[in-house]
Amino acid sequence: GFDPQAARAALAAAVPGGGATLPELVLVYNVSETHRAIATFVAAQWRTHLGVRVRLRPLGWEAYKARRDGGDFAVARAGWVGDLPDPSGFLALFETGRQENVSAWSHAPYDDLLARARGAVTPAERLALLRTAEQMLLTEGVPCVPLFWYRLGDLVQPHVRGFRTRAVGAAPEVPGVHNVQGLHPFRGLWIEHDTK
C-alpha cells in the first residue's frame, strides 16, 4: 500500500538523515513519452514523500541499453513482456548469472527455489515453489518495482470472424490462455458480409 510515513521511517533506518542526505540519484530511461511521464512521476513522488533528489537522464536506445546492460546506473527503467503465460518467464529475470538480470541482484535462496521449481514433480508443487520465490523477490530483495503494465486493445469489425483474443489451446475445446504477445495470425480469419 501507499504509506509515505512508513517509507520515510524505513529510509531513515537505512540511511542516517533519510532522503535528504542521499546523493542525487540519476534515473536512466530510454526516450519515449510514456517513459518520460513515468520517470517524471517517480522523481516527483520520491522528492515529495522521501526528500530524495532525482535527476532524469533520457537516452537514445543504444546509449540506454549500453548503460543498463553495463550496470552503469543507480536507477533504470526496464521492461519485460511475458512471452509465455507462466510465472517463470518473469521470475527467471532475477536469477543469479542470467543475462537478463540487469539488476545484478543475487540471492542464493531465491535461486534455489527456481532450481527446485524446474525439478518439481507435480504442477502444484512447481507453482507453490514459484509463489514462494515471487514473495521473496517482492519482500527480501526488491530489485525492481513494478509500476506500469502495457495494455493491448483490439478494434475489430463485427464481420471479421476468427479473430482470437486468446491463444489457441491444446485442443479445440480448450479455450487457451490470454494472448500475452498480442499476436493475431491471419490464418483462420475470414470476412462474413451480409449478402442482403
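The values are calculated or read from the model by the stated rules, or taken from the named source; none is laboratory data. What you see is a predicted model; the values in this text were computed from it and never measured. Reconstructed Cβ throughout: ideal geometry from the backbone, glycine too, with neighbour counts over all protein chains shown. Heavy atoms of the whole protein, side chains included, go into the accessibility calculation; ligands, DNA and RNA do not. Shrake-Rupley method; radii C 1.70, N 1.55, O 1.52, S 1.80 Å.
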For the stretch 33-71, name all the residues that are at positive phi and open to solvent by less than 40 Å² (accessible area, probe 1.4 Å). G51
As an exercise: evaluate G19 against (1) under 27 Å from R151 (Cβ atoms); (2) assigned to a helix (DSSP H, G or I) and give the number of the one condition it does not meet. (1)
Does R151 qualify as being basic (K, R), touching a Gly at 6+ places or on another chain (Cβ under 9 Å) and at pLDDT below 85? no
Could you please let me know if W105 is modelled with pLDDT of 90 or more and aromatic (F, W, Y)? yes
Whichever residue in the stretch 82-109 is among the hydrophobic types (A, V, I, L, M, F, W, C) and in contact with a helix residue (DSSP H, G or I) (Cβ under 9 Å, 6 or more places away or on another chain) and, among such residues, is most open to solvent (accessible area, probe 1.4 Å): F90
Residues satisfying the stated conditions in the stretch 22-56, i.e. assigned to a helix (DSSP H, G or I) and under 17 Å from C144 (Cα atoms): H35, I38, A39, F41, V42, A43, Q45, W46
Helices (runs of 4 or more DSSP H) completely within the stretch 57-148 that count 2 or more residues being touching a strand residue (DSSP E or B) at 6+ places or on another chain (Cβ under 8 Å) and among the polar types (S, T, N, Q): none
Please determine, by comparing only the residues of the stretch 128-158 that are surrounded by 15 or more Cβ atoms within 10 Å (Cβ to Cβ) and touching a residue at least 40 places away in the same chain (Cβ under 8 Å), which one is nearest to W80 (Cα to Cα). C144
